[in-house]
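Participant: Got a structure for you, questions after.
Just so you know, all these numbers are worked out from the coordinates, no wet-lab data involved. Note that the structure is a prediction, hence the values are computed from the model and not measured. No Cβ is skipped: glycine too gets one built from the backbone with ideal geometry, and neighbour counts run over all protein chains shown.
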Amino acid sequence: MTAFHSISGKAKVAGVMGWPIGHSRSPRLHGWWLRHYGIDGAYAPLAVAPERAEQAIRALPALGLRGCNVTVPLKEIAFRTVDRLDDTARRMGAVNTIVVAEDGALEGGNTDGFGFIENLRAERPDWTADLGPAVVIGAGGAARAVVVALLDAGAPEVRLVNRTRARAEELAADLAAAGLAGPVTVVEWVSRETALDGAALLVNTTTQGMAGQPALDLPLRALPVTALVNDIVYVPLETPLLAEARLRGNPVAGGIGMLLHQARPGFKAWFGVEPEVTADLARFVLARS
Ligand code: ATR
């Protein structure tokens, strides 16, 4: 594949805003789709410092951009800045996709939870959220998107386990205030093994297991072998958690698909084509160069 993608003066332009932005894989991802579908468009990395984010977001319509993705640490600023929020973004308190509407208004959405669920469905077509309790490790922004998505998809219970209990309590209280259906139970970090009892799904949303980080410290003895195990970490693709789960016979799902699927709604809105997630795309996005 050539590195050159030709665009005209009429190209549709979008991008990803973050700080720093150099490690984002989104330009590779959208660039692959643009080339694949032969679209006259461009998707740029936009390095925007937090103190300038509001100004940058408000400038999108004036610059003629179709919209943008928003990544760490700007998702909450985007939430406060856009003109309209969809229901999911409102409940997540964070915006990762902005679309400039016909009237110039900024529409904010959050597709992280959609990407999470679509990845599990694609990797494990027999998985549904209503199979049983879900255990979510972590209480950061990623955990929030995962918990909202699981309850929306019909999970009967979410057990939230975080090293710092107060953060998990805060997240659970926030979600209850947002009127989420379904109970969220907070489990102490020291008792984390007990959370696995009878679970149908285990998700790691922490940075543990990422290349350069220690493995997640969670013995799997109490986890039923039928439970699906998912790590949202995707470097490496096979984290120690996934390797251990696979070894004991659990079905597993990697994390790269969440990144790929969360990008679909934005691409469709900005460039007008419903893009497909394929193994070729995953390989390209993960390649170093
Ligand atoms: P994000 O918004 O991407 O989810 P984050 O807000 O930095 O990222 O959250 C990182 C998560 O990893 C947190 O749940 C964090 O736990 P704490 O709230 O206790 O900090 C978790 N985490 C980070 N290092 C950890 C470790 N060594 N052991 C267990 N959990 C860890």
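Participant: Using only the Cα atoms of the stretch 113-255, build the gyration tensor, take square roots of its eigenvalues as a ≥ b ≥ c, and label the shape rounded, prolate or oblate: rounded if a/c is under 1.5, else prolate if a/b is larger than b/c, else oblate. Before the final figure, lay out each step's value.
Facilitator: On the way: a/c = 1.42, a/b = 1.20, b/c = 1.18.
Rounded is the answer for the stretch 113-255, as its axis ratio a/c remains below 1.5.
Participant: Would you please give the residues with an amide H less than 5 Å from that of ASN69, counting only those at least 5 places away or on a separate chain, with H modeled from the backbone geometry?
Facilitator: GLY15, VAL16, MET17, ILE98
Participant: For Cα pairs less than 8 Å apart in space and 6+ apart in sequence, what is the mean separation divided by the residue count of the stretch 184-278, i.e. the relative contact order in percent? Intermediate values should be presented prior to the final figure.
Facilitator: Working: 134 pairs, mean separation 21.2, N = 95.
Computed value for the stretch 184-278: 22 percent relative contact order.
Participant: Name the residue farthest towards the positive end of the dipole of the stretch 156-225 from the options ALA168, VAL190, LEU220, assuming +1 on Cβ of Lys and Arg, -1 on Cβ of Asp and Glu, about the Cα centre.
Facilitator: Of the candidates, LEU220 comes out farthest on the positive side.
Participant: Can you give me the relative contact order of the stretch 5-51 as a percent, contacts being Cα pairs under 8 Å and 6 or more apart?
Facilitator: Reported relative contact order: 55 percent.
Participant: Report the chymotrypsin sites (Phe, Trp or Tyr not before Pro) located in the stretch 1-85 that are in a DSSP loop and have at most 12 other Cβ atoms inside 10 Å of their Cβ, or state none.
Facilitator: Details: sites: PHE4, TRP32, TRP33, TYR37, TYR43, PHE79; in loops: PHE4, TYR37.
Counting only loop positions with at most 12 other Cβ atoms within 10 Å, the chymotrypsin sites (Phe, Trp or Tyr not before Pro) in the stretch 1-85 are PHE4.
Participant: OK, next. Out of the GluC sites (Glu not before Pro) in the stretch 37-140, which ones are loop residues according to DSSP with at most 16 other C-beta atoms within 10 Å?
Facilitator: Hits after loop and neighbour filter: GLU102.
Participant: Tell me which residues come under 5 Å, amide H to amide H, from THR185 once H is placed; ignore anything under 5 positions away on its chain.
Facilitator: VAL158, ARG159, LEU160
Participant: Relative to the longest principal Cα axis of the chain, at what angle does helix 112-123 sit, 0 to 90 degrees, rounded to 10?
Facilitator: Tilt relative to the chain: about 70 degrees.
Participant: Rounded, prolate or oblate: which fits the chain, taking a ≥ b ≥ c as square roots of the Cα gyration tensor eigenvalues, rounded meaning a/c under 1.5, else prolate when a/b beats b/c?
Facilitator: Taking the square roots of the gyration eigenvalues as a ≥ b ≥ c, the chain is prolate.
Participant: If the only charges are +1 at each Lys and Arg Cβ and -1 at each Asp and Glu Cβ, what is the size of the charge dipole of the chain around the Cα centre, to the nearest 20 debye?
Facilitator: 700 debye
Participant: Have a look at ALA139, VAL99, PRO125 and report the one farthest towards the positive end of the charge dipole of the stretch 83-154, computed about the Cα centre with Cβ charges (Lys/Arg +1, Asp/Glu -1).
Facilitator: ALA139
Participant: So if I take the centroid of the Cα atoms in the stretch 83-143 and the same for the stretch 205-274, what is the distance between those two points in Å?
Facilitator: 16 Å
Participant: Assign one of three labels to the stretch 153-231, namely rounded, prolate or oblate, based on the Cα gyration tensor with a ≥ b ≥ c the square roots of its eigenvalues; rounded applies when a/c is under 1.5, prolate when it is not and a/b is larger than b/c, and oblate otherwise.
Facilitator: oblate
Participant: Put +1 on the Cβ of each Lys and Arg and -1 on the Cβ of each Asp and Glu in the chain; which of VAL277, ALA200, VAL13 then has its Cα farthest toward the positive end of the dipole?
Facilitator: Result: VAL13.
Participant: Additional query: If exposed means no more than 12 neighbouring beta carbons inside 10 Å and the site is in a DSSP loop, what's the longest run of the chain without any exposed trypsin sites (Lys or Arg not before Pro)?
Facilitator: Of all site-free stretches, the longest is 11-220.
Participant: Can you tell me the orientation of helix 141-152 relative to the chain, as the angle in degrees between its alpha-carbon axis and the longest Cα principal axis, to the nearest 10?
Facilitator: Long axis of 141-152 versus the principal axis of the chain: about 70 degrees.
Participant: Within the stretch 239-266, name every residue whose backbone N is under 19 Å away from a label modeled 7 Å from Cα of TYR37 along the Cβ vector.
Facilitator: Under 19 Å, as judged by backbone N against the label point of TYR37, lie 257-266 of the stretch 239-266.
Participant: Please compute the contact order of the stretch 113-255 in relative form: average sequence separation of alpha-carbon pairs under 8 Å and at least six residues apart, divided by the residue count, as a percent.
Facilitator: 22 percent
Participant: If you scale each eigenvalue of the Cα gyration tensor by 5 and take the root, what three semi-axes come out for the stretch 56-183, rounded to whole angstrom and sorted largest first?
Facilitator: Numbers: eigenvalues 165, 57, 29 Å².
Output for the stretch 56-183: semi-axes of 29, 17, 12 Å.
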